[in-house]
Structures are given as C-alpha cells and as structure tokens.
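Peer 1: Here it is: the structure, laid out below.
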Amino acid sequence: MSVRNRPYPPMNNNKRKTPEEIINILKSGGYCYGFQPDREALTSYLAACKQKKRPIKLIYGETYDQFGITIDSLKYYFFLSLFHRCLENQGIEVESSVMVADRASVLNPLVRDKDELLGQAKKRVAFLNKIIHFYGLPIKPVLMSDFFRGKQLQNQLKEISSFAINSKEALDLLEKTVLKNRLKQEKQSGFRYGIEAMVTAMQFNIKIGPPREQFYDRASNIVAKEFKQEKLHSVYLRPTHPLGKDFLFFISHPEIEEYGLTPYKAGSNQLQNYRVILGKTTLDDLKQLIDNSFVANNLKLANPVFDLYFMAELAQKLLQKDFSFPSYKEDLFKNDVAFKEDTINKLRRYIFSQIGGLI
Amino acid sequence: MNNSAKINQEYQEKLRLKDRIVHYYRSQAIKNGLQDLTRIKAYLPEKYQTLHLKRDLIFSHLGFEAILEMISKGKEFTVVSGLNPSSPLHLGHKVLFDILLDLQRLGGRIFIPLTNDESFVDGKVGSLSQSRKTAYQEIIPSILAFGFDSAKTHLYVLSDYPEIYNLAMSLSRQISIKELETIFGNECLTNPGQIFYRGAVQLAQILLPQLPEFGGPRPTLIPVGIDQHPYVLLARDIAKRLKLMSPSELVFKFQPSLRNPEAKMSGSKPKTAIYLSDSEETIREKINKAFTGSISALKAHQKLGGIPEVCSVFALLYYHHPDEDLVEKLYDDYRQGKIKADELKNLAGDFIVSLVSEHQKRKQQIGKKQTKKFILNRPLKSFL
C-alpha cells in the first residue's frame, strides 16, 4: 500500500516557520525535555545554516537488545523525520540518519549470544526501511559497524579516546551515563561504549535522543572544543517510562522517573513486560497496559500514556503529510479515561493497524 | 525616628521573621536528614492529597513510600501517635488529630498512647493520678469527639496498661545510656523515670503494633512535630536490630503560638493557645490579642500589605479551615492589604468559635460505654 493513496484529507497547516518558531514550539509543546548546549544556541545555529545555506546532518542512534523493537523507537524515527521536514521547509539541506548501533549493542560483556544479537541488526534495518517506506520518512538507516569501517574514523576514535580518558571533566560526564553497578566494568574498558557514542555523534550536527544522553553530548562538546570541531547540538525528548505502573512506582524510582528507561531497549531495567514491543504486544495487551498506567496531571511528570499519544499523533501527521509539530497542554489529561481511550484509538489507527504486516 | 522610619522598621522586622520561619523548617529538614515531599506530592493522586499535604503543613518525611504502597493497594497500615495528657487539648493537638483522621480514612489503624507517665517523670503534673484523671475525664472524650472509628482506633493510658512496661523492659537492653545521651541530651535525662521512659517506654509504644498479638511486623507511620524526631530515629534503629519494619515518619509544622509565630502553641502557656474547652468570650479575647502579620498603621498596611506567614491569626484559618478557595483568597487579599487585621481577627474568631463549640457539643455526647470500645487492654505474652 502506498502512502500517497492514504484516504486522509490533506492538512493545511504547513505554514513555514522560522527556526526560532520551530524551536519555541518544541520547547513549549510538552514533549521536549531540553536542548544541549541550549535552546538559544540551537536557534542561532539553525538561523546561521539557513542564511549561509549550510547543510545539516541529523542523527538519532539506538542500541537494542534481544527483546525486540520498542514502540518508543518509532517516536524517535517520527520526530526526527518531522524535524527534518521542518528544516527542509526552511530551505535548509538536511540529511537524517538512524544509527543502528550493532557494535555498541554487543560491547557489554554480560550480553549473551552476541552473534544472534549482531544478526538482529539487519532485521532492524529491514524493519526500519519498511517504516521509512510506509510513512514516507526522510531518514536513512546506518549500521554502526559499517560506519566505523573507515580508517579516518578509526584514527579519530583513537585520538579522542586517549584525550577523553585523561580528561577529568569528560570522564565525570561519562561516568554519569553508566549505572552504578556497571561502572567498574566500564572503567576497565576505558569507557569504550561512551567514547564510541561520542565520536559517532560528533560526525553530525544535531542529535535527537533521550535525556540521559546529555552526558555523552556534553562530553562530546568538551572533546569538540579540544579538537577545534563544531559544537554538537542536541534535542532531548521526554524520558521513556514504563506503562502499567501506578503513581507509586515513580515516587519509589526517582532515577527512572528523572531520566527514564532506555527507549530503544525493551529490557531496560528488566521492565520488558511494561513496554510496547512491536510485533509482540497485542492490542489487548496494549489496552491493559494503558488502563493500568498512571496519568499525571502535569506535563512535567512521567506520563507514558502521553508518550504513546504523542507518537500516534506524529504517525498521523506523517501519514497525512502535515509536517507541523503539535503542541500540548495539561487539558489533554483532564479526563484520564477519555484520554486513555483516545490514545488507544489513535495507536490502533495510525500505528498498530498500519505496521501490523510490516513486522 | 519618624513615623515612616518606624513603619519601615516594623515591616522589615516582620519580613525577617518570615524568613526565619521559612528557614527554620528547611534547616530542620536538612539537619535531621529528612526527605522532601515535593516529588511525592506531585505524583500523589488527588484522592490521597490531604489538606495538610496540600498546604505544606506536613513538610518532610522518612520512608513514607512504604505507607503509600499500602495506601495504593488498599491495605491496612499502622499509625502511632502519643499524647502527653498534661493539659486539655488545644488547636495544636487538633492539627495532629486531623492528620490522624485523614490517615485512618486512607487505611490507617491508629494507636494513641496517652503518656501520663511521661507527664509525671517530666514534672508536668503533680501526680500520676492527676494526669490519669485528666486523661480519662478531659483528653479521651475530647479525642473521641473528633470522630475516630472505634474498630480502627486504640487508646491507652500508659499507667493503666502495664503490659507496655513489660515490653519496654524487654527492649531496654537494646540501647545504652550513652546512646540515649547522644540522642536526647543530658537535660532530658535527669531522673531514672526519664531514662526508662525515653530509652524504652517510648520505643515500646512505637513497636507495640508489630507484636504478634497485633498481627506481626507491618508498616507503621509516626506523625510527629520536629521535636519528636529523635524518638523516631531511635525506633527506626532498634526496629532494624529486631528485624521489625522501620517506622516511617511524617513531620508536620506546629501550630504557631498566638503570641509568637516562632514558638508553638503550648498547653502549659494558656495565652498562647486556644483550648478546645475555651468559651466563646475567651477565644475572641485571645484572638484579639494575637500577633498579626499587619503593620500597625492602617494606611501602611493597605499600601505594603500583610505578611500572612507570620500572622498567628491567619494561621488559625490556614491550619484548620477546610475551604481551599476561601483560604487562598484570604491569603491573597491579606497580602495585598485588602483585609485589615481586625477583619481577619473577626473572621478567624467566628470560624474558631463555631469549630470549638461543635467540638464541645460532640464531646458532651461521649459516654463511658463509648470510651470503653477504644481502650486497649489486650494482654501481651509473645515476648515473655
């Protein structure tokens, strides 16, 4: 089925927005966690690229685990695509990549069956290609193992690595990317995972990612300064939180509440039963997870149902070729029963029924 | 000093007073390693938000998550809150009983030990029998007038429940005199009675509901004023040693004295307190003489506005009036100088008089038969 043949009416709100307007919508829309170095720097950077006709390279990178592809990955694919379209509308040349971090996924010594996991990368890329085709996404998948094949990048990795492990400032930040029980292991490996993540991001201009990645990105900018490279800009989306949990979970797990789970790893914090995994989670499971989820009445608090609502709306927009960012206010959650129902309907219509056959 | 300078000085003094009060609770929380309630309040569904949480009158906690888990699962938990029956109940006590009622609504089984032994060893009463009499004749009917559920409330006067002393005896070897001195300071340990009370009897009250006779270890919550925090710390420590559940703590702000917002309303200082047994005339007289957050010169008050945070009269409404919108409007109006101190006193007077008179009516209806249902007399054998 071709995207062009979708029966939805065309939307007429594709009015061109300035970089400042785009970033302002992101800031106040209710789904962005923050920016790195900050919102003003990103706005100025975009304005300068527009004026000087400089191309921009966007990146979203993800590792994965054996549990499958989370619906949260779609949020990043969709957001990246919409951001790409918005910049394109400005007359800016944009290239957007989704880095499938096969190398990074098997770096952890605790990971079993590394061959199987490496093999899954190709399946993910194949799935991503189907999503790209179906929703008409302007993004391309890149395998990290292919990306790092070039000698130039290998040399850069060595150089940056030897600088970073001697920079207290960078190391302090890299330590914050690791759970306490993994710190020793990461130290022994010379923070290889973190340094590869930094070096990858440094090959791009703007990164989209979850909030915890701010520590990598801040470290990247310390390195960028040292090596006289251009700063990396980042846009962080709201943290990913588990579904099917009541208010108490978020009170009792402050770290998960603040930074969320790893969106692209279903087994993050061993909460795979509280995530939506594409091709595994049925509509009935989804309904049950949503019904049992706590819905906060404040956009600043954890709200996994809102996250699902947001990604369903992005899917709807992309299918309808409406390349404008949405904006949300707390009114949306006033009636949590209706909000949950609405979320289920949107997910069914714009994601589940669409990609059912793609997995 | 001219008039304008005097006004400015008075205003600045009240502002400094406000800062000191705000700082007091913040620093107490930090010094005592207590946890902030902001995150909990942000996530707590409306049905669990009590008035005291909403108004920040409960300002910090230790381990409250364990209690929230029980609340969210609809399971019962225990609440222990002792009372020293040395004087009739006043509005400061009402703050505690309102909190206990809310906790009972949320699933709490309430234990209220009336510590007439403490009143005696601390020299607050002339004899044990005097404090016992006050407990039965005055305090217990007044507590029951708040409307506790007899199936989930247990009261006991310590001298009439000797079982507690057996438990205290068995706990007494868990703590050394040195530890006691570190926690309470020497000034609170001047006679053997105080040492036994602080080192063992108070502990026994807190840990009693975790005995097999009451169903064994279970989450227990102790709502306290900050001055009682050392007792909870000690109990948490001993509970761990005995493999019982560490009691959780909710710390509430004290009802300010009518005369000095930095001090607490005290039963032993009648001018600072409104007793639940006071007459209308007495209540109005006390409120009229209370410290306010207004500047004495009316025009200056209207221009600069009042300071509700230091106003003992506004506090009467803030701590007790259930109407959220009204209290919020009064706060704004007072701060903007739209309400004069006299008007606020009249409003507070009307409200407190009606509140106290309702309480007195309910108290008169409490008979001995009803009281009996609440009195704990269960024998304790598990540790003997």
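Peer 1: How many residues are crowded, with 19+ Cβ neighbours inside 10 Å and either free of Cβ contacts under 8 Å to residues at least 24 places away in the same chain or hydroxyl-bearing (Ser, Thr, Tyr) (or both) if we restrict to region A:263-278?
Peer 2: So the answer is 3.
Peer 1: Out of the residues in region A:169-189 that are touching a Phe, Trp or Tyr at 6+ places or on another chain (Cβ under 6 Å) and part of a loop (DSSP other than H, G, I, E, B), state the one that is surrounded by the most Cβ atoms within 10 Å (Cβ to Cβ).
Peer 2: Across region A:169-189, the extreme among qualifying residues is A:Thr177.
Peer 1: Looking at A:Leu118, is it at pLDDT below 95, in contact with a helix residue (DSSP H, G or I) (Cβ under 6 Å, 6 or more places away or on another chain) and not in a strand (DSSP E or B)?
Peer 2: Yes; evaluated as a whole, the condition is true for this residue.
Peer 1: When B:Ile307 is evaluated against the numbered criteria (1) free of Cβ contacts under 8 Å to residues at least 40 places away in the same chain; (2) crowded, with 16+ Cβ neighbours inside 10 Å, which criterion, by number, is the only one it fails?
Peer 2: The failed condition is (1).
Peer 1: Could I ask something else about it? Condition (residue is in a helix (DSSP H, G or I), over 23 Å from the mean Cα position of the chain (by Cα), crowded, with 20+ Cβ neighbours inside 10 Å and not polar (S, T, N, Q)) applied to region B:204-212: is it met by at least one residue?
Peer 2: No, region B:204-212 has no match at all.
Peer 1: A follow-up question, please. Restricting attention to region B:124-175, which residues are assigned to a loop (DSSP other than H, G, I, E, B) and either at pLDDT 95 or above or out of contact with any helix residue (DSSP H, G or I) (no Cβ under 6 Å at 6 or more places or on another chain) (or both)?
Peer 2: Of everything in region B:124-175, those that are assigned to a loop (DSSP other than H, G, I, E, B) and either at pLDDT 95 or above or out of contact with any helix residue (DSSP H, G or I) (no Cβ under 6 Å at 6 or more places or on another chain) (or both) turn out to be B:Lys124, B:Gly126, B:Ser127, B:Ala145, B:Phe146, B:Gly147, B:Phe148, B:Asp149, B:Tyr161, B:Pro162.
Peer 1: Do any helices (runs of 4 or more DSSP H) entirely within region B:1-106 hold 1 or more residues that are within 14 Å of another protein chain (Cβ to nearest Cβ) and more than 26 Å from B:Glu328 (Cα to Cα), and if so, which?
Peer 2: Counting at least 1 such residues, we get B:64-73.
Peer 1: I'd like to check something: does region A:219-241 contain any residue that is in contact (Cβ under 8 Å) with a residue 12 or more places away in the chain and within 14 Å of another protein chain (Cβ to nearest Cβ)?
Peer 2: yes
Peer 1: If I go through region A:255-309 residue by residue, how many of them are touching a His at 6+ places or on another chain (Cβ under 8 Å) and within 14 Å of another protein chain (Cβ to nearest Cβ)?
Peer 2: Number of matching residues: 5.
Peer 1: Next question, about the same structure. Run down B:Leu96, B:Leu68 and say which single residue is under 16 Å from the mean Cα position of the chain (by Cα), buried (at least 20 other Cβ atoms within 10 Å of the Cβ) and at pLDDT 95 or above.
Peer 2: One residue alone meets the criteria, B:Leu96.
Peer 1: Looking at (1) under 27 Å from A:Ala121 (Cα atoms); (2) at pLDDT 90 or above, find the lone condition where A:Arg182 falls short.
Peer 2: Of the numbered conditions (1) under 27 Å from A:Ala121 (Cα atoms); (2) at pLDDT 90 or above, the odd one out for A:Arg182 is (2).
Peer 1: Looking at (1) in contact (Cβ under 8 Å) with a residue 24 or more places away in the chain; (2) not in a helix (DSSP H, G or I), can you tell me which one B:Arg198 breaks?
Peer 2: Tallying (1) in contact (Cβ under 8 Å) with a residue 24 or more places away in the chain; (2) not in a helix (DSSP H, G or I), B:Arg198 fails exactly one: (2).
Peer 1: Let me ask something additional. So, in region A:310-347, of the ones that are surrounded by 15 or more Cβ atoms within 10 Å (Cβ to Cβ) and within 14 Å of chain B (Cβ to nearest Cβ), which residue ends up farthest from A:Tyr259 (Cα to Cα)?
Peer 2: A:Asp336
Peer 1: Can you go through A:Ser81, A:Ser73, A:Ser44, A:Ser96 and tell me which one is among the hydroxyl-bearing types (Ser, Thr, Tyr), surrounded by fewer than 20 Cβ atoms within 10 Å (Cβ to Cβ) and either modelled with pLDDT of 95 or more or in a helix (DSSP H, G or I) (or both)?
Peer 2: After ruling out the rest, the residue left standing is A:Ser44.
Peer 1: Let me ask something additional. Restricting to region B:327-341, what's the tally of residues that are touching a helix residue (DSSP H, G or I) at 6+ places or on another chain (Cβ under 8 Å) and not in a loop (DSSP other than H, G, I, E, B)?
Peer 2: 6
Peer 1: Please work out which one of (1) more than 30 Å from A:Lys317 (Cα to Cα); (2) surrounded by 14 or more Cβ atoms within 10 Å (Cβ to Cβ); (3) touching a helix residue (DSSP H, G or I) at 6+ places or on another chain (Cβ under 7 Å); (4) free of Cβ contacts under 8 Å to residues at least 60 places away in the same chain is the condition A:Phe163 fails and give its number.
Peer 2: The single condition A:Phe163 does not satisfy is (4).
Peer 1: In region B:219-274, what residues are among the β-branched types (Val, Ile, Thr) and in a loop (DSSP other than H, G, I, E, B)?
Peer 2: Scanning region B:219-274 gives a single hit, B:Ile274.
Peer 1: Something else about it: Among the residues of region A:239-254, are any farther than 26 Å from A:Tyr328 by Cα and either assigned to a helix (DSSP H, G or I) or hydroxyl-bearing (Ser, Thr, Tyr) (or both)?
Peer 2: yes
Peer 1: I'd like the residue in region B:179-195 that is assigned to a helix (DSSP H, G or I), over 22 Å from the mean Cα position of the chain (by Cα) and β-branched (Val, Ile, Thr) and, out of all such residues, is nearest to B:His61 (Cα to Cα).
Peer 2: B:Thr182
Peer 1: A further question on this structure: Condition test on B:Ser129, is it more than 19 Å from B:Pro219 (Cα to Cα), surrounded by fewer than 22 Cβ atoms within 10 Å (Cβ to Cβ) and not aliphatic (A, V, I, L, M)?
Peer 2: Against the criterion (more than 19 Å from B:Pro219 (Cα to Cα), surrounded by fewer than 22 Cβ atoms within 10 Å (Cβ to Cβ) and not aliphatic (A, V, I, L, M)), B:Ser129 qualifies.
Peer 1: Is it the case that A:Ser252 is surrounded by fewer than 22 Cβ atoms within 10 Å (Cβ to Cβ) and within 14 Å of chain B (Cβ to nearest Cβ)?
Peer 2: Judged against the criteria, A:Ser252 is a match.
One line per residue, one yes/no per condition, for (1) closer than 24 Å to B:Gln12 by Cα; (2) of a type outside the set (Val, Ile, Thr); (3) touching a helix residue (DSSP H, G or I) at 6+ places or on another chain (Cβ under 9 Å):
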site: B:Ile287; (1), (2), (3): yes, no, yes
site: B:Leu304; (1), (2), (3): yes, yes, yes
site: B:His320; (1), (2), (3): no, yes, yes
site: B:Lys345; (1), (2), (3): yes, yes, yes
site: B:Gly349; (1), (2), (3): no, yes, yes
site: B:Val353; (1), (2), (3): no, no, yes
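Peer 1: Check region A:144-153 and report whether any residue there is in contact with a Lys or Arg (Cβ under 9 Å, 6 or more places away or on another chain), in a helix (DSSP H, G or I) and among the small types (Gly, Ala, Ser).
Peer 2: Yes, that holds for at least one residue.
Peer 1: Among A:Arg212, A:Arg192, A:Arg218, A:Arg238, which is surrounded by 15 or more Cβ atoms within 10 Å (Cβ to Cβ), at pLDDT below 90 and within 23 Å of A:Met99 (Cβ to Cβ)?
Peer 2: A:Arg192
Peer 1: Right, something else. Report whether or not A:Ile355 is farther than 19 Å from A:Gly260 by Cβ, buried (at least 16 other Cβ atoms within 10 Å of the Cβ) and touching a residue at least 24 places away in the same chain (Cβ under 8 Å).
Peer 2: Here the answer is yes, as A:Ile355 does meet what is asked.
Peer 1: Same structure again: For the list (1) surrounded by 16 or more Cβ atoms within 10 Å (Cβ to Cβ); (2) touching a helix residue (DSSP H, G or I) at 6+ places or on another chain (Cβ under 9 Å); (3) in a helix (DSSP H, G or I), I need the number of the one condition that B:Ser357 fails.
Peer 2: (1)
Peer 1: Here is a follow-up. Answer with yes or no whether A:Phe127 is part of a helix (DSSP H, G or I), aromatic (Phe, Trp, Tyr) and within 17 Å of A:Phe78 (Cα to Cα).
Peer 2: Judged against the criteria, A:Phe127 is a match.
Every residue, every condition in (1) surrounded by 16 or more Cβ atoms within 10 Å (Cβ to Cβ); (2) in a loop (DSSP other than H, G, I, E, B), yes or no:
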site: A:Ser234; (1), (2): yes, no
site: A:Glu257; (1), (2): yes, no
site: A:Lys280; (1), (2): no, yes
site: A:Asp284; (1), (2): no, no
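The values are calculated or read from the model by the stated rules, or taken from the named source; none is laboratory data. Only a predicted model underlies this, so the values are computations on that prediction, with no experimental measurement involved. We place every Cβ from the backbone using ideal geometry, glycine too, and count neighbours over all the protein chains shown.
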